[in-house]
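> Structure provided below as structure tokens; questions to follow.
Here, each number is a calculation from the coordinates, and none is a lab measurement. Everything numeric here is computed off the predicted structure, so don't read it as measured data. In this analysis, Cβ positions are derived from the backbone assuming ideal geometry, glycine residues included, and neighbour counts consider all displayed protein chains.
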Amino acid sequence: MRTKWILGISLLVIGMMALAAIPVTDADPVPQLSSQYTIQIAQDGSDAAISISPSTSAQILWDFDDGTYGSGTRVQHTYAPGMYNIKAVISGATSRIVTRNIGVYSEGPVTEIQKNAEYRYAVYNGADPKLVVKDSDNRVVSWLSYDAQHRIVTGVPRETGTYTATLTGDRTITWTITVSDGILQDPWVRFDAHAADGKVVLDGLYLSSNSLSNRYTWTLSNLDGSLVSLNEGGVPNVSASPGLYKLSLSMQSVSGSASYSQLIIIDGQPAAPADTFDAGSLWIVFVVIGIVSGLFFFSTRDPRALLGVVLSIIALAVVIL
């Protein structure tokens, strides 16, 4: 009887040692940057034929950087004037992200526009350009700005009249803009964002109205559409574990609603896996088994009881180390 009891304790200890040695792995890989693939672009003005090289049978998701997406190894896309950073997400055993810039420039600046509509003129004028806009009374106004990163002159005129714009840099470009009255324009919104230390950082917000009545809703979702995080306000307050997500902004204004989204890579320290085996509490079990085996040995002087003590000590050392 004593032999069976000792044998049972020994088998229990050995089983727990084997259970504690089972490795726990995270099955969800984090997308990694890769130089194995490159994006090829055949551009004809504002039209672009985009493909991935070398050819692959993996699923490819495209972010055209203008709020629209595509899929497939070869895609066609038409751009408005501006600079864009195309992203290709290559899905496989591990996902890979490759990027490439594309520039679409205007043939000439827009000279007539209705108020509250977006003014957009894409031109490269050096690394450190300066834009000055004056009204018909020669007073400097600020409804236009030059975005050097995207190489566009952009803005929303609030008042009618005639304006003179001068862009200096590698060369001097001067043109006039006539703003006429018109119906209230459909709203539009765009943003630029990146991630730092696991949190989304807003680089710029561009919209058709600065009205205080605007309502902004930010959502971060997985590629399958499942919601990860949501908040309201002028800036996104969202964070997530490392990976690839879609960041979206919905704007509600007095003239209607508008939305924009882009793929975003979250970096930072990975979150601890949700389902892991915790072997930290096993030391209590091994201590109890060791004490019981030791008491049995001292009461019976049966050397076989010493086996339970030895195995418990070994298992305890494995757990602690």
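> Set the Förster radius R0 to 25 Å, insert the Cβ-Cβ distance between residue 53 and residue 223 as r into 1/(1 + (r/R0)^6), and round the FRET efficiency to 0.05.
Rounded to the nearest 0.05, the efficiency is 0.60.
> Right, something else. Hey, for a label at residue 185 modelled as a point 7 Å past Cα toward Cβ, could you say which residues of segment 116-141 have their backbone N under 17 Å away?
116-123
> Now a separate question. Nothing charged except the Cβ atoms of Lys and Arg (+1) and of Asp and Glu (-1): what's the magnitude of the dipole of segment 112-180 about its Cα centre? Round to the nearest 20 debye.
20 debye
> If you scale each eigenvalue of the Cα gyration tensor by 5 and take the root, what three semi-axes come out for segment 112-180, rounded to whole angstrom and sorted largest first?
20, 13, 9
> By per-residue mean of other Cβ atoms within 10 Å, what is the highest-first order of 129-137, 242-250?
Top to bottom by mean Cβ count within 10 Å: 242-250, 129-137.
> Under a cut-off of 28 Å between alpha-carbon atoms, report the lysines in cross-link reach of residue 115, not counting same-chain residues fewer than 8 places apart.
130, 134
> Between residue 136 and residue 299, what length in nm is gained on full extension when 0.36 nm per residue of separation is reduced by their alpha carbon distance?
The residue 136-residue 299 span can extend by a further 48.0 nm.
> Can you check what the net charge comes to around residue 84, using other residues whose Cβ is under 14 Å from the Cβ of residue 84 (Lys, Arg +1; Asp, Glu -1)?
My count for the surroundings of residue 84 gives -1.
> Okay, moving on. For residue 228, enumerate residues with amide H under 5 Å from its amide H, sequence gap 5+ or separate chain, H modeled in the peptide plane.
Amide H neighbours of residue 228: 220, 221, 222.
> Tell me, what HN-Hα J-couplings in whole Hz come from the Karplus equation 6.51 cos²θ - 1.76 cosθ + 1.60 at θ = phi - 60° for each residue of segment 191-200, using x for Gly and Pro?
Whole-Hz 3J(HN,Hα) from phi for segment 191-200: 8, 10, 8, 9, 10, 9, 6, x, 10, 6.
> When ranked by the protection proxy of mean other Cβ atoms within 10 Å per residue, highest first, what sequence do the peptides 192-203, 253-264 form?
253-264, 192-203
> Under 5 Å between amide hydrogens, which residues at least 5 positions from residue 198 or on another chain qualify, with H placed 1.01 Å from N in the peptide plane?
Amide H neighbours of residue 198, under 5 Å, 5+ apart: 267, 268.
> When ranked by the protection proxy of mean other Cβ atoms within 10 Å per residue, highest first, what sequence do the peptides 117-128, 77-88, 227-238 form?
Highest mean packing first, the order is 77-88, 117-128, 227-238.
> Rounded to whole Hz and in sequence order, give me ³J(HN,Hα) for segment 137-146 from the Karplus expression 6.51 cos²θ - 1.76 cosθ + 1.60, θ = phi - 60°, writing x for Gly and Pro.
Whole-Hz 3J(HN,Hα) from phi for segment 137-146: 9, 6, 8, 6, 10, 10, 7, 10, 9, 10.
> In whole Hz and in residue order, list the ³J(HN,Hα) couplings for segment 97-109 that follow from phi through the Karplus curve 6.51 cos²θ - 1.76 cosθ + 1.60, θ = phi - 60°; x for Gly and Pro.
In residue order, the calculated couplings are 10, 10, 9, 7, 7, 9, x, 10, 10, 6, 5, x, x Hz.
> Across 10 Å bins from 0, what is the distribution of all Cα-Cα pair distances for segment 34-103, in whole percents?
For segment 34-103, the pair-distance distribution reads 21, 59, 19, 2.
> Turning to a different aspect of this structure: Please report the antiparallel percentage of DSSP beta bridges with both residues in segment 112-180, rounded to the nearest 5. Please report the intermediate quantities before stating the final value.
Numbers: 22 of 25 bridges.
Within segment 112-180, antiparallel bridges account for around 90 percent of the total.
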